[in-house]
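The values are calculated or read from the model by the stated rules, or taken from the named source; none is laboratory data. On a predicted model such as this, the values are computed, not experimentally measured, just so you know. Please note: Cβ atoms are built from the backbone with ideal geometry, for glycine as well, and neighbour counts cover all protein chains shown. Side chains included, ligands, DNA and RNA excluded: accessible areas come from the protein's heavy atoms. Shrake-Rupley method; radii C 1.70, N 1.55, O 1.52, S 1.80 Å.
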Amino acid sequence: FPVTIDLLIQFFESSHFLGPGLVARPELFEEVTQSDLDTPRTSASLRKAWKLPKDPEEALDGSRSFVRGEELRIALRGLLGLAEIPVLQAELTALADACLGRAWEFAGKEKWAWIGLGKLGGNSLSFGSDLDLLVAGEGEESVQKAVKFLTEERVSGALFKVDFRLRPYAEGALAVPVKRYGDYYGREAQPWEVQTLCRARAIAGAKEPMKEFWPAVEKQWRLQGADPKFVPEMLAMRERIATERVPQGQEERAYKTGRGGLIDVEFAAQAWQMRQGLVETETAGVLKKMIQTEPKVAKDLQQGLAFWSSAEWWLRLEEGRGGSLLPPAGPDRDWLARKCGESDATAFMRKAGEFSRETRKAYEEVMAGLGGKS
């Protein structure tokens, strides 16, 4: 009993995002703690455990109950130290994958498929992450029904927020035929749009568009990776992000967009993999390959990825929304420091500064080695 009370205190201290859901349905805590908390769940195991009711209203409400329980389970596994952050990210991504599969079924199993980008495609979701999506195939009415399944606010909230802004022109119909994607990326897309394909992953839906999407866009992705102008263009875009998306005077708190932050790791990995022609959606997987030929910079990038991903995981568990700044000095920073394994906020910020400098140096070395000047 004291252990249970301690876990509940940890949970409510750590997540203003998930806390209200547990208050509304306290029985979830008992259900989840009596389940097998030691074992990670895959998308396949989730689909097996989750049966979609035929009645639409029951399907919408039942799905939310199932997902709230799984979110609680993942959060508790992290709080109990039963899994490392990459494993927890993969579990949350698997939950999103299962939801996307159920959304496609709910909408009638039409001839289209979900393609994940960003953190969804890269198997690295945190709580509150939007799902960056493309839809390959045809059937706009069906897609809209699937989006409703995912996003409609019920008593227990929505399943996930979705973001379709990476589709061609960022407007118009959500369902785009596979051939149109091939034409768009080959003739009209901006370089940064082609770069987003590094993490393109077919997730769920009709088999044909799932199989056909990557072959339709791969040629342009490889051509861009070989283009001498590509790395300088990436450097310029990265500099704009660091300049325009970091609040003035907040550089040391900008763990994502600031120089030496998470985006440096991602850009270095993506530039390297595109030059190598390496098809790999996970940043950690790219760095694992990079370490074979670039051991020092790859190790520094791996350490930066681990540190910043840990900070992001705990921040998003607490807040339930996207953000790019570490907490200001005070209780929230003290809490984050403890969650990240540091003794206090001073030690945490000192470590953050060290990782920022090493990550930035590694990023610059990778980009310089690929023909860019940082």
Taking H as built 1.01 Å from N, whose amide H comes closer than 5 Å to the amide H of Leu131, not counting residues under 5 places away? Lys161, Val162, Asp163
Beyond 33 Å, what percent of the Cα pairs of the chain remain? 33 percent
When the gyration tensor of region 220-374 is built from Cα positions, what are the square roots of 5 times its three eigenvalues, in whole Å, from largest to smallest? 29, 16, 13
Starting at the first residue of region 47-62, write each ³J(HN,Hα) from the Karplus equation 6.51 cos²θ - 1.76 cosθ + 1.60 with θ = phi - 60°, in whole Hz, x for Gly and Pro. 4, 5, 7, 10, 9, 8, x, 6, 5, x, 5, 5, 5, 5, 6, x
In deg cm²/dmol, rounded to 500, what helix-only [θ] at 222 nm does the chain give when every DSSP H run of at least 4 residues adds -39500 (n - 2.57) and the total is split over its residues? -19500 deg cm²/dmol
With +1 at each Lys and Arg Cβ and -1 at each Asp and Glu Cβ, the charge dipole magnitude of region 33-100 around its Cα centre, to the nearest 20 debye, comes out at 120 debye
Within the accessible area of region 20-97 (1.4 Å probe), percent carbon and sulfur: 56 percent
What's the longest uninterrupted piece of the chain once you rule out the GluC sites (Glu not before Pro) that are loop residues per DSSP with at most 16 other Cβ within 10 Å? 189-374
Of the convex hull drawn through the C-alpha atoms of region 55-180, the volume per residue in Å³ is 97 Å³
Surface per residue (accessible, 1.4 Å probe) for region 259-303, Å²: 42 Å²
Translational diffusion of region 170-286, µm² s⁻¹ [Kirkwood Rh, Cα pairs; Stokes-Einstein; 37 °C; 0.692 mPa s]: 210 µm²/s
Can you run phi through the Karplus equation (6.51, -1.76, 1.60; θ = phi - 60°) for region 251-268 and list ³J(HN,Hα) in whole Hz, with x for Gly and Pro? 4, 5, 8, 7, 6, 9, 8, x, 4, x, x, 4, 5, 4, 4, 5, 5, 4
Of all DSSP beta bridges with both partners in the chain, the antiparallel percent, nearest 5, is 70 percent
Given Cα pairs under 8 Å that are at least 6 residues apart, what percent is the relative contact order of the chain? 17 percent
Counting sequence-distant residues (5 or more places) and residues on other chains, those with an amide H built under 5 Å from that of Ala204 are Trp114
Inter-label distance, nm, simple model (7 Å from Cα along the C-beta direction), Glu30/Lys51: 2.3 nm
Rounded, prolate or oblate: which one fits region 108-255, using the alpha carbon gyration tensor with axes a ≥ b ≥ c (rounded when a/c is under 1.5, else prolate when a/b beats b/c, else oblate)? oblate
³J(HN,Hα) computed for each position of region 74-84 - Karplus, 6.51 cos²θ - 1.76 cosθ + 1.60, integer Hz, glycine/proline x: 5, 4, 5, 4, x, 5, 7, x, 8, 7, 6
Percentage, to the nearest whole number, of Cα pairs in region 245-305 over 19 Å apart: 32 percent
Just to confirm, what accessible area per residue do you get for region 50-189 at 1.4 Å probe, in whole Å²? 39 Å²
Accessible area of region 146-228 with a 1.4 Å probe: how many percent of it is carbon plus sulfur? 54 percent
Loop trypsin sites (Lys or Arg not before Pro), region 274-374, which have at most 14 other Cβ atoms in a 10 Å radius of their Cβ (DSSP): Arg321, Lys373
